[in-house]
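**Q** Have a look at this one before I ask anything.
The values are calculated or read from the model by the stated rules, or taken from the named source; none is laboratory data. As the structure is a prediction and not an experimental result, all values here were calculated from the model. Reconstructed Cβ throughout: ideal geometry from the backbone, glycine too, with neighbour counts over all protein chains shown.
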């Protein structure tokens with residue numbers, strides 16, 4: 001029997017990487033998935049693959065930094081599938097750089113996506129989950145949300161530390177509403193994130209780490225699947241997952 005039959009999952013940042021792999025993993029276990037991102041063509045392809053494998057999926061073009069779009073995403077999931085049982089806040093950017101280079105637009109972008117986007121979607125989902133007296137919030141952070149290093153960049157790490165604090169706050173706030181909260185903190189994963197770094201020094205700093213046998217998006221999707229398929233009495237609050245050879 002599939003473990004998520006009858007459940008509805010919303011996944012942000014689903015056009016590639018961890019979000020894409022998570023959508024496929026949850027759909028394979030019976031969840032109806034609403035896949036959200038800005039790149040419609042990628043979402044359409046993903047929905048086609050999921051439906052081709054017998055799953056249920058809906059593409060939702062959404063920029064989570066726009067509060068009205070993030071709230072609309074949750075409404076769309078409810079209107080189409082009847083509920084929102086799982087929200088995976090995966091949308092994120094990793095624009096590594098040192099402070100002192102005047103890259104304030106990039107700092108602002110990271111806080112807008114990694115922190116405010118998560119809050120906008122979560123705010124709307126909580127309202128839906130409280131009405132049904134159940135739900136699961138999964139927030140994707142990073143090893144950088146635990147430990148600041150020269151290669152992780154203080155600003156990026158700051159956004160991910162914020163995700164950790166927000167997640168723990170939510171866990172305590174939502175106990176009586178039967179809403180579980182999980183934070184997943186990956187180390188180096190093969191995704192598009194490093195391709196967006198404009199600071200050459202930061203790109204070079206990642207070079208040695210990316211030469212290791214790093215994690216695949218499916219590894220993180222499997223960790224998320226583990227957390228959301230536990231019995232209702234079990235709340236997996238935190239998963240730290242690194243490549244075996246990653247030193248920090």
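**Q** Considering only the range 121-237, give the helices (runs of 4 or more DSSP H) lying wholly within it that have at least 3 residues that are within 17 Å of the chain's Cα centre (by Cα) and touching a residue at least 12 places away in the same chain (Cβ under 8 Å).
**A** In the range 121-237, the matching helices (runs of 4 or more DSSP H) lie at 154-173, 217-228.
**Q** Kindly establish whether residue 117 is crowded, with 22+ Cβ neighbours inside 10 Å and over 22 Å from residue 26 (Cβ atoms).
**A** It is false that residue 117 is crowded, with 22+ Cβ neighbours inside 10 Å and over 22 Å from residue 26 (Cβ atoms).
**Q** While we're on this one: Could you look through the range 42-55, keep only residues that are in contact (Cβ under 8 Å) with a residue 12 or more places away in the chain and closer than 17 Å to residue 18 by Cβ, and pick out the one that is surrounded by the fewest Cβ atoms within 10 Å (Cβ to Cβ)?
**A** Selected residue: 49.
**Q** Now for a separate question. Assess whether residue 67 counts as being surrounded by 15 or more Cβ atoms within 10 Å (Cβ to Cβ), modelled with pLDDT of 95 or more and either within 24 Å of residue 231 (Cβ to Cβ) or out of contact with any strand residue (DSSP E or B) (no Cβ under 9 Å at 6 or more places or on another chain) (or both).
**A** Answer is yes for this residue.
**Q** Might you let me know whether the range 101-110 holds any residue that is surrounded by fewer than 15 Cβ atoms within 10 Å (Cβ to Cβ) and in contact with a strand residue (DSSP E or B) (Cβ under 7 Å, 6 or more places away or on another chain)?
**A** no
**Q** Please state which one of 179, 220 is crowded, with 19+ Cβ neighbours inside 10 Å and more than 23 Å from residue 37 (Cβ to Cβ).
**A** After applying the criteria, what remains is 179.
**Q** Please indicate, with yes or no, whether at least one residue in the range 71-81 is buried (at least 23 other Cβ atoms within 10 Å of the Cβ), in contact with a helix residue (DSSP H, G or I) (Cβ under 7 Å, 6 or more places away or on another chain), touching a residue at least 40 places away in the same chain (Cβ under 8 Å) and over 22 Å from residue 219 (Cα atoms).
**A** Within the range 71-81, one or more residues are buried (at least 23 other Cβ atoms within 10 Å of the Cβ), in contact with a helix residue (DSSP H, G or I) (Cβ under 7 Å, 6 or more places away or on another chain), touching a residue at least 40 places away in the same chain (Cβ under 8 Å) and over 22 Å from residue 219 (Cα atoms).
**Q** Do you know which of the residues in the range 198-216 that are surrounded by fewer than 21 Cβ atoms within 10 Å (Cβ to Cβ) and at pLDDT 75 or above is nearest to residue 234 (Cα to Cα)?
**A** 216
**Q** Now, a different point. Select from the range 22-41 the residues that are crowded, with 16+ Cβ neighbours inside 10 Å, in a helix (DSSP H, G or I) and free of Cβ contacts under 8 Å to residues at least 60 places away in the same chain and list them in ascending order.
**A** 23, 27, 28
**Q** Of the residues 40, 51, which is closer than 27 Å to residue 198 by Cα, modelled with pLDDT of 95 or more and touching a strand residue (DSSP E or B) at 6+ places or on another chain (Cβ under 8 Å)?
**A** Just a single option satisfies the conditions, and that option is 40.
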